[in-house]
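S.K.: Okay, handing you the structure first.
The values are calculated or read from the model by the stated rules, or taken from the named source; none is laboratory data. Small disclaimer: the values here were computed from a predicted structure and weren't measured. Glycine also receives a Cβ, built like all others from the backbone with ideal geometry; neighbour counts cover every protein chain displayed.
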Amino acid sequence: MHGLSHTSYIHKMNTETHPIECTDAMLLAYGREVGKLLSSSSAECWRDELWTIFTGYIISLKEQGPAPELCDTYFSFKELVAFFENVERVGRGGVATATE
(Lines give C-alpha, C1' and ligand atoms only; values in the text may rest on other atoms or scores of the structure.)
Protein backbone atom coordinates (compact mmCIF):
# COMPACT_ATOMS: atom_id res chain seq x y z
CA MET A 1 0.00 0.00 0.00
CA HIS A 2 2.65 2.48 -1.03
CA GLY A 3 4.26 2.36 2.40
CA LEU A 4 1.44 4.29 4.06
CA SER A 5 -0.75 2.88 6.76
CA HIS A 6 -4.31 3.96 7.20
CA THR A 7 -3.26 5.88 10.33
CA SER A 8 -0.56 7.93 8.57
CA TYR A 9 -3.13 10.57 7.75
CA ILE A 10 -6.17 11.66 9.68
CA HIS A 11 -8.82 13.74 8.02
CA LYS A 12 -12.14 13.94 9.79
CA MET A 13 -14.87 13.86 7.15
CA ASN A 14 -17.86 16.01 7.96
CA THR A 15 -20.82 13.72 7.28
CA GLU A 16 -23.47 16.39 7.84
CA THR A 17 -24.80 18.21 4.82
CA HIS A 18 -25.08 21.97 4.71
CA PRO A 19 -27.21 23.92 2.27
CA ILE A 20 -25.15 25.73 -0.34
CA GLU A 21 -26.59 28.62 -2.31
CA CYS A 22 -25.54 27.91 -5.86
CA THR A 23 -25.50 30.33 -8.73
CA ASP A 24 -26.27 29.20 -12.27
CA ALA A 25 -22.57 29.56 -13.07
CA MET A 26 -21.63 27.37 -10.11
CA LEU A 27 -24.13 24.69 -11.12
CA LEU A 28 -22.80 24.72 -14.68
CA ALA A 29 -19.24 24.40 -13.36
CA TYR A 30 -20.25 21.44 -11.19
CA GLY A 31 -21.98 19.88 -14.19
CA ARG A 32 -18.86 20.30 -16.33
CA GLU A 33 -16.71 18.63 -13.65
CA VAL A 34 -19.13 15.70 -13.36
CA GLY A 35 -19.15 15.48 -17.16
CA LYS A 36 -15.35 15.29 -17.22
CA LEU A 37 -15.39 12.58 -14.58
CA LEU A 38 -17.99 10.56 -16.47
CA SER A 39 -16.17 10.97 -19.79
CA SER A 40 -13.73 8.27 -18.68
CA SER A 41 -16.29 5.79 -17.28
CA SER A 42 -20.02 5.55 -16.71
CA ALA A 43 -21.63 6.30 -13.36
CA GLU A 44 -22.29 2.56 -13.01
CA CYS A 45 -18.59 1.77 -13.54
CA TRP A 46 -17.57 4.42 -10.99
CA ARG A 47 -20.04 2.99 -8.46
CA ASP A 48 -18.73 -0.55 -9.02
CA GLU A 49 -15.14 0.66 -8.70
CA LEU A 50 -15.99 2.33 -5.38
CA TRP A 51 -17.26 -1.02 -4.09
CA THR A 52 -13.98 -2.63 -5.20
CA ILE A 53 -11.91 0.05 -3.45
CA PHE A 54 -13.93 -0.14 -0.24
CA THR A 55 -13.80 -3.95 -0.23
CA GLY A 56 -10.01 -3.82 -0.65
CA TYR A 57 -9.79 -1.36 2.23
CA ILE A 58 -11.82 -3.64 4.50
CA ILE A 59 -9.70 -6.64 3.55
CA SER A 60 -6.49 -4.68 4.21
CA LEU A 61 -7.62 -3.95 7.77
CA LYS A 62 -6.76 -7.56 8.67
CA GLU A 63 -3.10 -6.66 8.19
CA GLN A 64 -3.25 -3.05 9.35
CA GLY A 65 -5.25 -3.53 12.50
CA PRO A 66 -8.12 -1.52 13.97
CA ALA A 67 -9.34 1.56 12.16
CA PRO A 68 -11.06 4.01 14.48
CA GLU A 69 -12.13 6.10 11.48
CA LEU A 70 -13.91 3.18 9.79
CA CYS A 71 -17.36 4.58 10.55
CA ASP A 72 -16.48 7.93 8.92
CA THR A 73 -14.92 6.12 5.97
CA TYR A 74 -18.07 4.05 5.53
CA PHE A 75 -20.34 7.11 5.52
CA SER A 76 -18.05 8.89 3.03
CA PHE A 77 -18.21 5.79 0.85
CA LYS A 78 -22.00 5.65 1.22
CA GLU A 79 -22.30 9.28 0.08
CA LEU A 80 -20.09 8.65 -2.96
CA VAL A 81 -22.11 5.57 -3.95
CA ALA A 82 -25.37 7.54 -3.56
CA PHE A 83 -23.88 10.34 -5.70
CA PHE A 84 -23.05 7.98 -8.56
CA GLU A 85 -26.44 6.25 -8.27
CA ASN A 86 -28.12 9.67 -8.58
CA VAL A 87 -25.92 10.64 -11.52
CA GLU A 88 -26.81 7.35 -13.20
CA ARG A 89 -30.54 7.99 -12.57
CA VAL A 90 -30.27 11.53 -14.00
CA GLY A 91 -28.43 10.16 -17.03
CA ARG A 92 -31.36 7.85 -17.73
CA GLY A 93 -33.72 10.83 -17.60
CA GLY A 94 -34.84 10.29 -14.03
CA VAL A 95 -34.76 12.60 -11.05
CA ALA A 96 -31.99 12.48 -8.45
CA THR A 97 -33.13 11.52 -4.96
CA ALA A 98 -32.07 13.29 -1.78
CA THR A 99 -29.53 11.44 0.34
CA GLU A 100 -30.24 10.87 3.99
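S.K.: Inspect all residues belonging to the range 72-81 and state whether any of them is loosely packed, with under 12 Cβ neighbours inside 10 Å, out of contact with any Leu (no Cβ under 9 Å at 6 or more places or on another chain) and free of Cβ contacts under 8 Å to residues at least 60 places away in the same chain.
M.R.: No - not one qualifying residue is present in the range 72-81.
S.K.: Any residue in the range 16-45 that's in contact (Cβ under 8 Å) with a residue 12 or more places away in the chain: show its pairings with residues that are of a type in the set (Phe, Trp, Tyr) and in a helix (DSSP H, G or I) at Cβ separation under 7 Å, as long as the two are six or more apart or on different chains.
M.R.: Listed by first residue and then by second, the contacts come to ALA43/PHE84.
For (1) among the aromatic types (Phe, Trp, Tyr); (2) more than 22 Å from PRO19 (Cβ to Cβ); (3) in a helix (DSSP H, G or I), each residue gets a yes or a no:
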residue: CYS45; (1), (2), (3): no, yes, yes
residue: THR55; (1), (2), (3): no, yes, yes
residue: THR73; (1), (2), (3): no, yes, yes
residue: SER76; (1), (2), (3): no, no, yes
residue: ALA82; (1), (2), (3): no, no, yes
residue: GLU88; (1), (2), (3): no, yes, yes
residue: THR97; (1), (2), (3): no, no, no
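S.K.: In the range 57-71, what residues are surrounded by 16 or more Cβ atoms within 10 Å (Cβ to Cβ) and in a helix (DSSP H, G or I)?
M.R.: TYR57
S.K.: Looking only at the range 1-43, count every residue that is modelled with pLDDT under 85 and charged (D, E, K, R) and tell me the total.
M.R.: 3
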